[in-house]
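Trainee: Dropping the structure in here first, questions after.
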Amino acid sequence: DTHNPGTFGARVRSLVRQLEAQGAEVTVWSTIRDRRRGYLMWGAYLLSRKRSQAAVQRGVHLLDRVNRDWGLRVPIRWFHPAGWRATVRAARVMADAYDVVYATRDGARSSRHYDAEAVDLSAVDLPRSLTLEAPHGARRTFDLSAPHQPRDLSLSPGLIEWIEVHFRMEKLRDDYPHWNDADIPLAPLRVASHP
């Protein structure tokens, strides 16, 4: 992977090195992830957002069923012995520990992280003038000096679009730090037909 500049890992490393060399604060949160961890992240996110006992109980029932149906065998008791409010509090603590900002059932089932085709990274405090060189040689300088410019990679649409094209990475817009390998096409969505 380090000898092939076309691999996803090499493209991510090149981007990170260039951002850091110009003074940005870059954090790589997650690359390869175990499917059980994805399930725990989604479960914590799901339960942390519940607002009633009935909603928590439905969430716990769903999580227990998914754990069994997906064959994960994660030894967890989602419902806290102190009740539904304690369940929500514990789920918030767990979601915070995992740095979960967004999670879905589909993502937990088939995250691109499971196959090393995704990375969660943040880059803040970007320089006012940022120059990037893509693996194939394209080069561009971005003017980030405007007062309204957040100087945050995940909040800079023009920068995101250029990286998507020239580093062959795809930004998941609903998930602040998440980028996919654009060389690996997403599986088509399957729509259930109803009689």
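Every number here is computed from the coordinates shown, using simple stated rules; none is lab data. Remember, it's a predicted structure, so these values are computed and weren't measured experimentally. All Cβ positions, glycine included, derive from the backbone under ideal geometry; neighbour counts span all protein chains shown.
Trainee: Summing Lys, Arg as +1 and Asp, Glu as -1, what charge do residues with Cβ under 12 Å from the Cβ of residue 143 carry, residue 143 excluded?
Mentor: Counting the neighbours of residue 143, the net charge comes to +3.
Trainee: If you don't mind, there's one more thing I want to ask. Of the options 100, 44, 62, report the single residue whose Cα projects farthest towards the positive end of the charge dipole of the range 1-108 (beta-carbon charges: Lys, Arg +1; Asp, Glu -1).
Mentor: So the residue furthest toward the plus end is 62.
Trainee: Dipole magnitude of the range 107-159 about its Cα centre, charges +1 at Lys/Arg Cβ and -1 at Asp/Glu Cβ only, in debye to the nearest 20?
Mentor: 120 debye
Trainee: Right, another one. Within a Cβ distance under 9 Å of residue 29, other residues only, what is the Lys/Arg minus Asp/Glu net charge?
Mentor: It works out to a net charge of -2.
Trainee: Along the Cα→Cβ direction, 7 angstrom out, place labels at residue 20 and residue 173. What is the inter-label distance in nm?
Mentor: Roughly 3.1 nm, to one decimal.
Trainee: While we're here: Measure off 7 Å from each Cα along the Cα-to-Cβ vector at residue 114 and residue 101, then give the distance between these two points in nanometres to one decimal.
Mentor: 2.4 nm
Trainee: Treating only the Cβ of Lys, Arg, Asp and Glu as charged (+1, +1, -1, -1), what charge dipole size does the range 44-144 show about its Cα centre? Round to the nearest 20 debye.
Mentor: 700 debye
Trainee: Taking the Cβ of residue 133 as the center, what net charge do the other residues with Cβ under 10 Å away carry, scoring Lys and Arg +1 and Asp and Glu -1?
Mentor: Value of the local net charge: +2.
Trainee: If I fit a long axis through the Cα atoms of helix 8-21 and take the longest principal axis of the Cα atoms of the chain, what angle between them do I get, 0 to 90°, rounded to 10?
Mentor: For 8-21 against the chain, the angle is about 60 degrees.
Trainee: Next question, about the same structure. Measure of size requested: the Rg and Dmax of the chain, with Cα atoms as the atom set and Å as the unit; please supply both.
Mentor: Here Rg and the maximum Cα pair distance are 19.5, 58 Å.
Trainee: Using a simple charge model, +1 on the beta-carbon of Lys and Arg, -1 on the beta-carbon of Asp and Glu, nothing else, what dipole does the chain show about its Cα centre, in debye to the nearest 20?
Mentor: Rounded to the nearest 20 debye, it is 1100 debye.
Trainee: Name all residues of the range 46-67 having a backbone nitrogen under 20 Å from the label point set 7 Å from the Cα of residue 93 along its Cα→Cβ direction, giving them as ranges.
Mentor: Residues passing the 20 Å test: 46-53, 56-57, 60.
Trainee: Still on this model: Can you tell me the length gained on complete extension of the stretch residue 162 to residue 143, counting 0.36 nm per residue apart and subtracting the Cα distance?
Mentor: 5.5 nm
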